[in-house]
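The next block holds one structure in the form of C-alpha cells; read it before the comments.
Read-outs throughout are calculated quantities, based only on the coordinates presented, and are distinct from any laboratory measurement. These figures come from a predicted structure and were not determined experimentally. Here the Cβ positions follow ideal geometry from the backbone for every residue, glycine too, while neighbour counts run over all protein chains shown.
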Amino acid sequence: MRISARSTGLTATAVAASLVLAGCAGGGGAKAGAAALDIATLTAAQSLDPKDAIGGALPYFQAVYDTLVLRAPDGSYKPMLATKWEYDKTGTRLSLTLREGVKFSDGTVFDANAVKANLEHFQKGGGGAAKTLAALKQVTVTDATHVTLVFAAPDPAMLFHLSDAAGLMASPAKLADGSLKTTPVGTGPYTLDKAKTTIGNKYVFQRKDGYWGEKLPYEALTISVFDNETAVVNGLKTGQIDSAVLQDANQQVALASDTKLKKTDLTFDFQGLLLFDRGGVRTPALAKPEVRQALNLALDRKTMLDKLRQGRGETTGQVYGKETKAYDKALDTYYAHDPAKAKQLLAKAGYPGGFTLTLPRVSAIVNDALAASISADLKAVGVTVAWDQLDGSTAIQKVYRERAYSAMVMNMGQSPIDWVATQELVAPGTFNMFGTSDPTVRKLMPEVQTGTEQEAAEAARALNKHLVEQGWFVPFYRMSYQIVSSADVKVTPQSGMAVPSIYNYVPASS
C-alpha cells in the first residue's frame, strides 16, 4: 500500500486518449476483436461508486463509467459525454452540451438531469476527491442536452476534474441505494462480470455490446490486485500479466535485462516530507522558517536517490511538477546538502541543541533504509526523529482525523495543472490540515486561480519560489516509475495519472 496524492485509492482520505476520435471519444484506434488484457496493480478499489473514485484506482472506474470530458494522453481535452463546453466571461459559469442517444447499462437515459444528480452525488459523497468540486455552487438544467455549472469562484482546473474522478457518470437510478459499490452501472465501454470477479482481488470486465462510442480493442479487461511488486514481476515474466506500473527501483532493475518485455519510464510522484504544522501547533520549532530551511539543508538528496532508488529519479526542492507553469528548474537544486549551514539556522531560530520531530511511519512508504537515511541526516544537525510505527488504517485515523503529527513522509503525485497542485498542497485542506498561510501565499493564490493565463503563470512561479524559500515542504526526489508490458501490447503514459488510462492500451500490431 502507498499513500499518494493522486496515485492510489487511499490518497485524500489517507494520505488521487489520443487514439480516440474527437467526435466519438471512448475507444482506441485499433481494430476491435483482440482477446483479453490483464493489468496488474497494487491499488485495490475500495468501492466502485464514482464518489469514491480517485488516483490510481481510476482504471476500475473508466472501464464502466465514461467521463464528461476525455483527457488524452498528452493532457488535451476531447469530447466524451459532453461534446462541447464553454465558459462565460467571468469564468464562473461552464455550459456543457451533452451527447444524445446514450444510455446507462440499466437502460436509463443519459441526460442533463443525470449530470446534475451525479455532480451533486460526488460533491456531497465524502470521497477523497470530493473537494475538487468545492467551488461548484449550482447545477442548472436547461434541457435534456444542456447543463450549466455555476461556481462560487473560477476554478481553472475544472476541465481536468471533469476528465477525472468528478466527471464519471453513473445511472442516477442507482446513486442513492449504495449498490454502485459492488455493481457499477455506467455508460462505459465495459460492464463488470460479477461471476468472474472477486472483489479486492480480481476484477473482470466484458466489452459492452452496443456501446455508443468506438469499441476498445480488447474484448475483456482484467485488473488483478497484488500486494507486492515481486509477485507482479513474476506475473510479467511468465506472461500471466500483460502490463503493470513498477514503482520499486529494485524491481525495475530486476527486469532490466529482460528483452521480451517493453519498458517505458515515467515520472509522476515525488517523495518527501510534508510539513503540516508550519504554525507550530504540535512542534513549535516548525513555525520558524529557519528550522524548515535547516531540514531541507540537512538532507543529502543525491545520496538518498543513489542508495535508495539506485539513481532512478531526480532530486528536487520543489513540489510543483515539470508540466506546470510554476516549475522552475533552478529550484530543484535550491537546497544543497549543507549540515553546517543547517546547524547555524537552527541556532538562529533558537534551537542550538536541536529538537525532536515525531513522524508516523507506514512501512510500505518508509522502509528501513529510508527511515535510517532520514534519521541519520537529521541527527547530524541535531534533530532527533522519533518514528511511530502505524499500519495503513491507523495512519488514516491518526494523521488525518486526529492530526496527531506535524509532518509525514509521503509519495505525492505532481499534477500538470498549477491550480490542482495548489489546491492539494497549499490551500487549507487534507495536506495543509492546520490551515497555515502567510501574506504572500494569500496574495498569490487568488492570482493563480483567477488571473489571465499569463498572470496565473507568473503568480504560480512566484508562489512556488516563495514556498521553496520558506521551506514549506521538504521534497527528496521525483521518482522514476516504469510501465512494463508484454511485447504484444503497446501502452502510452497518461498525463495527470501515475497509471495509464484504459484507453491507452492497444495491441502492438495495430
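Before moving on, here are some points about what is shown:
- Taking the fewest neighbouring Cβ atoms within 10 Å as the starting point, the ordered list for 431, 205, 270, 151 is 151, 431, 270, 205.
- Highest mean first, the peptides 194-202, 233-241, 182-190 sorted by other C-beta atoms within 10 Å per residue fall in the order 182-190, 233-241, 194-202.
- Normalised by residue number, the volume inside the convex hull of the Cα atoms of segment 269-479 is 106 Å³ per residue.
- Set of segment 198-213 residues, backbone N closer than 20 Å to the point 7 Å along the Cα-Cβ line of residue 183: 198-209
- Net length gained if the chain between residue 363 and residue 397 were fully extended (0.36 nm per residue, minus Cα distance): 10.6 nm
- Bins of 10 Å, starting at 0 and running to the largest distance - Cα pair percent for the chain: 4, 19, 30, 26, 16, 5, 1, 0
- Ordering 491, 441 from the fewest to the most neighbouring beta carbons within 10 Å gives 441, 491.
- Residues 218, 400, ranked from the fewest to the most other C-beta atoms within 10 Å, line up as 400, 218.
- Placing a label point 7 Å from the Cα of residue 302 along the Cα-to-Cβ direction, the residues of segment 322-355 with a backbone N closer than 19 Å are 329-342.
- Cut-off 14 Å between beta-carbons: net charge of the residues surrounding residue 388, Lys and Arg +1, Asp and Glu -1: +2
- Kirkwood Rh, angstrom, segment 429-510 [1 / mean 1/r, Cα pairs]: 16.4 Å
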